[in-house]
Amino acid sequence: MKTLAMNNPRSGKEDFNVPVFSQQEVADIAKTLRKNHSYWWQIGIQGRIKVMLRFADELANRKDALVAALVNDTGRLSESVLEVDVTVSTIQRWCKQAPPLLDTGASRLAEIPFIELQQRYLPYTLVGAISPWNFPLLLSLVDIIPALLAGSAVLLKPSEVTSRFVEPLQKVINLVPELQSVFAVVTGAGDVGQAVLNEVDSLCFTGSVPTGRKVGEACAKRFIPAFLELGGKDAAIVCANADLDIAAKALCWGSMVNAGQSCMSLERTYVHKDVAQAFLTKLVDCVKQLKHNYPDLKAGQVGPIISASQVGIVKAQLSDAKAKGAKVLCGGEVVELGGGQYCQPTVLTNVSPDMKIMNEETFAAILVVNVVDSDEEAIKRANDSEFGLSAAVFSKDVDYAMGIAEKLEVGGISINDASLTGLIHEAEKQSFKYSGLGGSRMGAESIRRFIRKKAIIRNTGVPSPWWF
Ligand code: NDP
């Protein structure tokens, strides 16, 4: 079998290989999953819950191996621990939530009383997931867990940048044979994603807008649903009446956590001119305290740039901004440490709308701060983006902040905090504009993305008055 080398973001060296699945192998695996699907559907929701809870236990038992692989995939520790913990708790949460959401209720009479209705919720037989490199485990399983509970078989293709975690994950799956029969993982690059797309009945894709567009078009050609979770250029608005300590601390975290490699990372800030200087001082104080997790993995808060091809994108955005007059308040460089590439925690001002860093997704530990004359200007400029993922508003006046939130063209807004949409699972939100397509990934209703609704409508024995 062909193999694909994995780059270690801490050393810059290729030190691991994963198999590259051929199109035929993907097709054969999909065929087996389809065959096994009927068993999975027939054991019912309580049967599936039992299996999934064993899966959660085995994941927790093998946490060390999973974390070790994720560390080599991503170069950071605390987020790797979090990925495993959150995956386990997500399975447990869905096991509690799923039964009523999948219950169609008893048959009932329609508004026309001699007609009886029965609903059925039928899962898509085979759901595909193509996941990214910024949270390799968590974003691989975020859609797969509810899809499995809904009754689908699943085929996962993780990012070709971070596929080491598949080995320990596969070992865990193998410990739960009922799950192993309906959950397969294929690795590789080039055309493996397309091969998955060709086989499944519904696809969840997390990644960039250009690839998301291709995936969406290909799914449309096959008439299968595509759930696209794509990029962002999230904006924060700091009003004149904001608590500046809170705004600075929240934005320091919301822009730098996971080294800024998160779709809902806050990448642009619009701060009112009356408080701009005081805010910038506090923000820069906070950002300057952040350290790289090098040489000690356990120290510091900011890991390396995970994807080698992202390094060039980040460097290009920084040099374009500097060449066009951006002022670097701290950081400002991508530096090499022990062979890994690390973006210094960076705050930029004097930025202009023509800079790449103002328009393209950056995905690095960089926050740009724009000073604005009014909150109206902040709203207008925050909305002036092709993305519409999420945003944040800071104001001591809650009603005022809510008024701004209503005007922002994004799917989720944090008030006096950052990136809450990634943490609060019960909030349903969709991605606006080019940030995505399809039903909410978050919230209880999201499990219903994996079912097709079927109605059985029975005439109880009265000649219908509309017949000829
Ligand atoms: P991409 O968006 O390019 O996606 C790569 C994945 O898509 C691979 O698994 C690839 O598999 C698959 N793929 C590519 N073409 C097709 C196709 N036609 N049909 C089906 N699958 C396909 O991700 P990158 O990792 O290259 O990231 C690029 C950018 O995306 C980053 O710079 C960042 O800005 C953004 N990003 C956003 C994330 C988010 O959470 N919103 C997460 C990570 C990145 P194969 O090669 O086998 O086809």
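Please tell me which of these pairs span more than 32 angstrom C-alpha to C-alpha: Lys96/Lys429; Lys291/Lys356; Lys221/Lys407?
Violating the 32 Å Cα-Cα cut-off are Lys221/Lys407.
Please give the per residue accessible area of segment 234-422, computed with a probe of 1.4 Å over protein heavy atoms only, in Å².
39 Å²
Can you give the Rg to Rh ratio of segment 312-364, both from alpha-carbon atoms, with Rh computed by the Kirkwood formula?
With Rg and the Kirkwood Rh in hand, the quotient comes to 0.96.
Determine the gain in length on full extension of the stretch Ala323-Asp354; use 0.36 nm per residue of separation and subtract their C-alpha separation, reporting nm with one decimal.
Full-extension gain reported as 10.0 nm.
Roughly how large, in nm² to one decimal, is the mean projection of the convex hull of the alpha-carbon atoms in segment 161-207?
Its Cα hull, projected and averaged over all orientations, spans 4.0 nm².
With r defined as the distance between the Cβ atoms of Val398 and Arg62 and R0 fixed at 41 Å, what FRET efficiency is calculated, to the nearest 0.05?
0.40
Would you mind computing, in nm to one decimal, how far apart the modelled labels at Leu337 and Leu423 are, each placed 7 Å from Cα along Cα→Cβ?
2.4 nm
Just for the Cα atoms in segment 390-462, what are the lengths along the principal axes, largest first, rounded to whole Å?
Extents along the principal axes: 64, 25, 22 Å.
What net charge do the residues around Ala278 carry, taking every other residue with its C-beta under 13 Å from that of Ala278, with Lys and Arg at +1 and Asp and Glu at -1? Write down the numbers at each step before the final one.
Details: positive: Lys273, Lys282; negative: Asp243, Asp245, Asp274, Asp285.
My count for the surroundings of Ala278 gives -2.
Computed over the Cα atoms, what is the radius of gyration of segment 203-313 divided by 2.2 N^0.38 Å, N being its residue count?
Dividing the Cα radius of gyration by 2.2 N^0.38 Å gives 1.38.
Would you pull out the residues with amide H under 5 Å of Asn293's amide H, same chain only if 5 or more places away, H placed 1.01 Å from N?
Residues meeting the amide H criterion: Gln301, Val302, Gly303.
By residue number, which cysteines of the chain lack any other Cys whose Cβ falls under 4.7 Å from their Cβ?
Cys95, Cys204, Cys219, Cys239, Cys263, Cys330, Cys343, each lacking another Cys Cβ under 4.7 Å.
Could you let me know the centre-to-centre spacing of segment 148-192 and segment 220-241, using Cα atoms, in angstrom?
For segment 148-192 versus segment 220-241, the Cα centre distance is 26 Å.
Can you tell me the relative contact order of segment 1-131? Whole percent, Cα pairs under 8 Å, sequence separation 6 or more.
On the way: 98 pairs, mean separation 28.5, N = 131.
Once normalised by length, the contact order is 22 percent.
Can you bin every Cα-Cα distance in segment 234-422 into 10 Å intervals starting at zero and give me the percent of pairs per bin, rounded to whole numbers?
Spelled out bin by bin, segment 234-422 gives 10, 40, 36, 12, 1 percent.
With a sphere of radius 15 Å drawn around the Cβ of Val347, what net charge do the other residues whose Cβ falls strictly inside it have (Lys, Arg +1; Asp, Glu -1)?
Working: positive: Lys249, Arg268, Lys282, Lys288, Lys322, Lys327; negative: Glu267, Asp285, Glu333.
Summing Lys and Arg as +1 and Asp and Glu as -1 gives +3.
With the contact rule set at Cα under 8 Å and sequence spacing of 6 or more, what percent relative contact order holds for segment 155-295?
The normalised contact order for segment 155-295 reaches 18 percent.
Whose amide H sits under 5 Å from the amide H of Gln341, counting only residues 5 or more places off or on another chain, with H placed in the peptide plane?
Placed amide hydrogens put Ile305 under 5 Å from Gln341.
Apply the Karplus parameterisation 6.51 cos²θ - 1.76 cosθ + 1.60, with θ equal to phi minus 60°, to every residue of segment 53-69 and state each ³J(HN,Hα) to the nearest whole Hz, in sequence, with x for glycine and proline.
5, 5, 4, 4, 4, 5, 4, 5, 5, 10, 4, 4, 5, 5, 4, 4, 5
What GluC sites (Glu not before Pro) does segment 360-398 have in DSSP loop regions with at most 16 other beta carbons within 10 Å?
In loop regions of segment 360-398 (DSSP not H, G, I, E or B), the sparsely surrounded GluC sites (Glu not before Pro) are Glu386.
Applying the Karplus parametrisation 6.51 cos²θ - 1.76 cosθ + 1.60 with θ = phi - 60° to the phi angles of segment 217-227, what ³J(HN,Hα) value in whole Hz is obtained for each residue in order, glycine and proline being reported as x?
5, 5, 5, 4, 4, 8, 6, 10, x, 10, 9
What distance in nm separates the simple spin-label points at Lys2 and Ile457, each placed 7 Å from Cα in the Cβ direction?
Reported label-point gap for Lys2 and Ile457 is 5.1 nm.
Looking at segment 89-176, which trypsin sites (Lys or Arg not before Pro) are in a loop (DSSP not H, G, I, E or B) and have at most 12 other Cβ atoms within 10 Å?
Numbers: sites: Arg93, Lys96, Arg108, Arg120, Arg164, Lys171; in loops: Arg164.
Loop-located and lightly packed - none at all.
Computing the accessible area with a 1.4 Å probe over protein heavy atoms, can you report the carbon and sulfur percentage for the chain?
Result for the chain: 54 percent of the exposed heavy-atom area is carbon or sulfur.
What length, rounded to one decimal in nm, is gained on full extension from Thr32 through to Ser11, with 0.36 nm per residue of separation minus their alpha-carbon distance?
Length difference between fully extended and current span is 3.7 nm.
How would you rank 145-153, 271-279, 452-460, highest first, on the average number of other Cβ atoms within 10 Å across their residues? Spell out each step's value before the answer.
Numbers: 145-153: 25.6, 271-279: 18.0, 452-460: 11.0.
Descending mean neighbour count gives 145-153, 271-279, 452-460.
How high is the relative contact order of the chain, in percent, counting Cα pairs under 8 Å that sit 6 or more residues apart? The partial results should precede the final answer.
Working: 1029 pairs, mean separation 85.5, N = 468.
With pairs under 8 Å counted, the relative contact order is 18 percent.
Between segment 54-130 and segment 337-399, what is the separation of their alpha carbon centroids in Å?
Taking the Cα centre of segment 337-399 as reference, the centre of segment 54-130 is 33 Å away.
Taking only DSSP H segments of four or more residues, each worth -39500 (n - 2.57), what value at 222 nm results for the chain once the sum is divided by all its residues, to the nearest 500 deg cm²/dmol?
Computed mean residue ellipticity for the chain: -12000 deg cm²/dmol.
Based solely on C-alpha atoms, express the radius of gyration and the Dmax of the chain in angstrom.
Cα radius of gyration and Dmax of the chain are 23.9, 83 Å respectively.
For the residue pair Ile43 and Asp85, what label-to-label distance in nm results when each label sits 7 Å from Cα along the Cα-to-beta-carbon direction?
In this crude spin-label approximation the distance works out to 2.9 nm.
Straight-line reach from Lys214: which lysines have a Cα under 20 Å away, not including same-chain ones fewer than 8 places off?
Those lysines meeting the cut-off are Lys157, Lys433.
Of all alpha-carbon pairs in segment 52-174, indicate the percentage at a distance above 20 angstrom.
Numbers: 3696 of 7503 pairs.
Result: 49 percent of Cα pairs exceed 20 Å.
Along the three principal axes, how long is segment 345-450 when you take its alpha carbons, biggest first, rounded to the nearest angstrom?
46, 32, 25
Based on the alpha-carbon gyration tensor of segment 1-79, what equivalent-ellipsoid semi-axes (square roots of 5 times the eigenvalues) come out, in whole Å, largest first?
31, 23, 7
If you filter segment 397-447 for GluC sites (Glu not before Pro), then keep DSSP loop positions with at most 12 other Cβ within 10 Å, what is left? Walk me through the numbers on the way to the answer.
Values: sites: Glu406, Glu409, Glu426, Glu428, Glu445; in loops: Glu409, Glu426, Glu428.
Passing both the DSSP loop test and the Cβ count: Glu426.
What is the gain in length, in nm to one decimal, between Glu111 and Lys291 on full extension, counting 0.36 nm per residue of separation less the C-alpha to C-alpha distance?
Contour length minus Cα-Cα distance gives 58.3 nm.
The values are calculated or read from the model by the stated rules, or taken from the named source; none is laboratory data. In this text the structure is predicted, and so the values were computed from the model without any measurement. So basically every Cβ, Gly included, is an ideal-geometry build from the backbone, and we count neighbours across all protein chains shown. We work out accessible area using only protein heavy atoms, side chains counted, and drop any ligands, DNA or RNA first. Shrake-Rupley method; radii C 1.70, N 1.55, O 1.52, S 1.80 Å.
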